[in-house]
Amino acid sequence: MKYLDEYRSAPAVKKLAGLINQTTKSEWKIMEICGGQTHSIVKNGIEEIITDKIKLVHGPGCPVCVTPAEKIDAAVEIALRPGVIFCSYGDMLRVPGRKKDLLSAKALGADVRIIYSPLDALKIAEENPDKEIVFFAIGFETTAPANAASVFQAHSKNIKNFSIISSHFLVPPAIKFILESGINTVNGFLAAGHVCTIMGTEDYEKISVNYKVPVVITGFEPVDILTGIYNCVRLLENNQPKVENSYSRVVRQEGNIRAKKLMFYIFETSDMYWRGIGLIKNSGLALKEKFSAFDAEKKFNVEIRYETNSDALHKCISGLIMQGLKKPSECEHFGTLCTPEHPLGPTMVSSEGACSAYFKYKKINFNN
Ligand code: SF4
């Protein structure tokens with residue numbers, strides 16, 4: 001297929017749904033990792049057109065959802081410091097910390113600016129030498145190389161008034177965490193195509209071999225998602241726990257070598273807290289000591305102390321949702337106390353979160 005429309009074609013979708021339904025003999029729980037895939041699944045009513053024997057659950061691959069409240073507190077604290085211009089992607093502004101969000105900090109007078117690329121923040125730093133520019137660098141392996149590029153450029157150009165709050169997450173340790181949890185019920189995974197575009201397939205091959213679980217690298221359009229589900233079901237039914245690349249129009253086995261090289265030149269793996277889930281070993285990226293001058297937490301002497309799940313106060317079950325143990329509709333607050341206008345937890349506040357997707361799209365499907 002050559003054109004995007006072909007990946008949204010209703011006949012192709014129906015054909016794949018039929019293939020899935022014919023192939024599925026047992027009950028399987030399949031987790032898509034990425035929030036973008038979750039939205040595509042819910043928006044396009046994919047669960048409604050395939051057999052009930054397949055339960056789709058929604059993984060932790062939404063960076064806005066998993067950024068810990070304590071990191072947001074640190075961002076708010078730094079943004080409120082005099083002389084700081086705080087740069088962030090727009091979707092982080094409404095995400096609540098333990099007390100405030102960045103939008104409230106802006107209302108209190110902080111200079112908080114929405115940017116679309118880390119290099120925008122660097123440009124602001126060059127244009128405002130008398131200010132301190134801080135960039136909230138959040139994301140998975142997809143955005144980490146661009147964030148690394150901003151630090152690389154700042155270092156190369158000797159820009160001293162630029163720093164980042166690093167809130168990066170790595171997918172494979174989160175998959176391992178789910179598989180090792182002792183309460184895992186997921187049988188197969190749809191890996192995020194854009195993450196694998198950067199990282200390649202090696203980490204997933206190790207997971208598949210070590211945990212005997214199929215992992216299918218999957219894209220984002222309805223035909224991509226259904227192809228991923230079909231291939232995952234086929235592997236499950238044939239007891240073939242291996243990696244398949246169903247997004248080969250983009251993903252190469254080796255990934256993007258230059259992007260990985262840049263990422264690991266600037267960052268090193270570190271333990272990371274995931275909002276709603278907790279500490280996952282080696283699942284984050286911290287600036288290397290050589291680049292610590294660009295670490296905003298060090299520069300502004302902000303110490304982050306992580307607590308147990310602060311969202312539990314509201315009986316928010318987003319942590320269980322992101323581990324595939326519950327669905328958004330099983331939350332007692334879904335659509336009543338918790339809505340996108342008044343979110344109680346991270347999976348409702350983020351436009352990529354599973355609760356937000358259910359609230360927005362749940363009734364739309366291809367059968368309409
Ligand atoms: S509906 Fe709200 S309270 Fe419930 S799990 Fe989702 S974010 Fe948490």
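The values are calculated or read from the model by the stated rules, or taken from the named source; none is laboratory data. Values in this document were obtained by computation on a predicted structure and should not be read as measured data. Cβ coordinates were reconstructed from backbone atoms using ideal geometry, including for glycine residues, and neighbour counts include every protein chain displayed. Please note that ligands, DNA and RNA were not included when accessible areas were found on the heavy atoms of the full protein model with its side chains. Shrake-Rupley method; radii C 1.70, N 1.55, O 1.52, S 1.80 Å.
Annotations for the structure displayed:
- Measuring against 18 Å, Cα to Cα, the residue pairs K43/K315; K25/K55; K29/K176 contain K43/K315 as the ones spanning a longer distance.
- In Å², nearest 10: area of H39 left accessible to a 1.4 Å probe: 30 Å²
- Cβ-defined net charge surrounding E132, 12 Å radius [Lys, Arg +1; Asp, Glu -1]: +2
- Fraction of the pair-distance distribution of region 214-309 above 18 Å, Cα-Cα pairs, percent: 67 percent
- Taking the Cα centre of region 250-290 as reference, the dipole from Cβ charges on Lys and Arg (+1) and Asp and Glu (-1) amounts to some 160 debye.
- Using a probe of 1.4 angstrom and keeping all protein chains present, the accessible surface of region 7-359 works out to 42 square angstrom per residue.
- Largest accessible area first, the listed residues D52, D5, D111 line up as D52, D5, D111 when surface is computed with a 1.4 Å probe on the assembled protein chains.
- 20 Å binning of all Cα-Cα separations within the chain, expressed as whole percents from 0 upward: 30, 57, 14, 0
- Largest to smallest in accessible area, the residues E6, E330 fall in the order E330, E6 (1.4 Å probe, all protein chains included).
- Sparsely packed loop sites in region 104-207 (the GluC sites (Glu not before Pro) outside DSSP H, G, I, E and B with at most 11 other Cβ atoms within 10 Å) comprise E180.
- Over all directions, the projected convex hull of the C-alpha atoms in region 1-113 averages 10.1 nm² in area.
- Most mobile listed residue (F300, F291, F334) in the chain, GNM with C-alpha springs under 10 Å: F300
- Shown here for region 75-127: trypsin sites (Lys or Arg not before Pro) in loop regions (DSSP other than H, G, I, E, B) with at most 11 other Cβ atoms within 10 Å, namely K99.
- Judged by the ratio a/c of the largest to the smallest principal axis of the C-alpha gyration tensor, region 247-300 counts as oblate, that ratio being 1.5 or greater while a/b is no larger than b/c.
- Cysteines having no other Cys beta carbon under 4.7 Å from their own, within the chain: C34, C87, C196, C232, C316, C331, C338, C355
- For K53, the aspartates and glutamates whose Cα falls under 18 Å of its own Cα, not counting residues fewer than eight places away in the same chain, are E27, E32, E237.
- Region 234-314: trypsin sites (Lys or Arg not before Pro) falling in loop per DSSP and having at most 16 other Cβ within 10 Å: K242, R249, R252, K288, R305
- For region 103-157, the square roots of the Cα gyration tensor eigenvalues, ordered a ≥ b ≥ c, give a/c of at least 1.5 with a/b no greater than b/c, which places it in the oblate category.
- Alpha carbon centroid spacing (whole Å) that separates region 221-243 from region 259-333: 29 Å
- Accessible surface ranking that places the most exposed of T347, T197 first, with a 1.4 angstrom probe: T197, T347
- Per atom type, region 7-359 shows carbon and sulfur on 51% of its accessible surface, probed at 1.4 Å.
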